[in-house]
């Protein structure tokens, strides 16, 4: 079985799997201006990553499941469908049924609003969880935003609503993280459905 993400560091012969472990490895091995997992914050960071599915991805996955599956190779699509059927306990067609989309989006937006409330505890004009510098939860949130943008498109109603929701918090986070991100649109031949 293969796991992604995975990095191999040929300079010291290390292989590291799982996003959080990779972030910690890079922080330690190649320190820079930004430390994604500052010392003493592992518990906080882990708690947030454990909360993210309940807050956002469990609501967003059913909305995007059909689009995701058709973007995969046939073998990966079969695996994706089988594992999601097991995860949700229902046939794939029911997981991705359009009749549930509005309710799922509403729940996802509620999750984003709750996270916005947490971030407001940092004070005004602090976009990141740790204040003025990004940390792992910011990367995780931007990854969810990238997923939404990639599968809906930047001109979609959902993306536009999200970019103005919560006092523009998510547009602000997206823009603040841009200097550290790759060109999301280049990851696919065509952005959006």
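Check region 28-45 and report whether any residue there is under 21 Å from residue 112 (Cβ atoms) and surrounded by fewer than 18 Cβ atoms within 10 Å (Cβ to Cβ).
yes
Pairs only if they're at least six apart or on different chains, beta carbon under 7 angstrom, first in region 89-114 and free of Cβ contacts under 8 Å to residues at least 12 places away in the same chain, second surrounded by 13 or more Cβ atoms within 10 Å (Cβ to Cβ); list them, first residue then second.
91/85
Would you check if there is a residue in region 50-68 being in the same structural domain as residue 101 (by TED's automatic domain parsing), closer than 15 Å to residue 135 by Cβ and either touching a strand residue (DSSP E or B) at 6+ places or on another chain (Cβ under 8 Å) or not in a loop (DSSP other than H, G, I, E, B) (or both)?
yes
Given the residues 22, 12, 7, which is the only one that is touching a residue at least 12 places away in the same chain (Cβ under 8 Å) and assigned to a strand (DSSP E or B)?
7
From the list 104, 163, which residue is crowded, with 16+ Cβ neighbours inside 10 Å, out of contact with any strand residue (DSSP E or B) (no Cβ under 9 Å at 6 or more places or on another chain) and within 19 Å of residue 177 (Cβ to Cβ)?
None of the others qualify; the one that does is 163.
The values are calculated or read from the model by the stated rules, or taken from the named source; none is laboratory data. Note that the structure is predicted; figures quoted are calculated from it, not measured. Cβ coordinates were reconstructed from backbone atoms using ideal geometry, including for glycine residues, and neighbour counts include every protein chain displayed.
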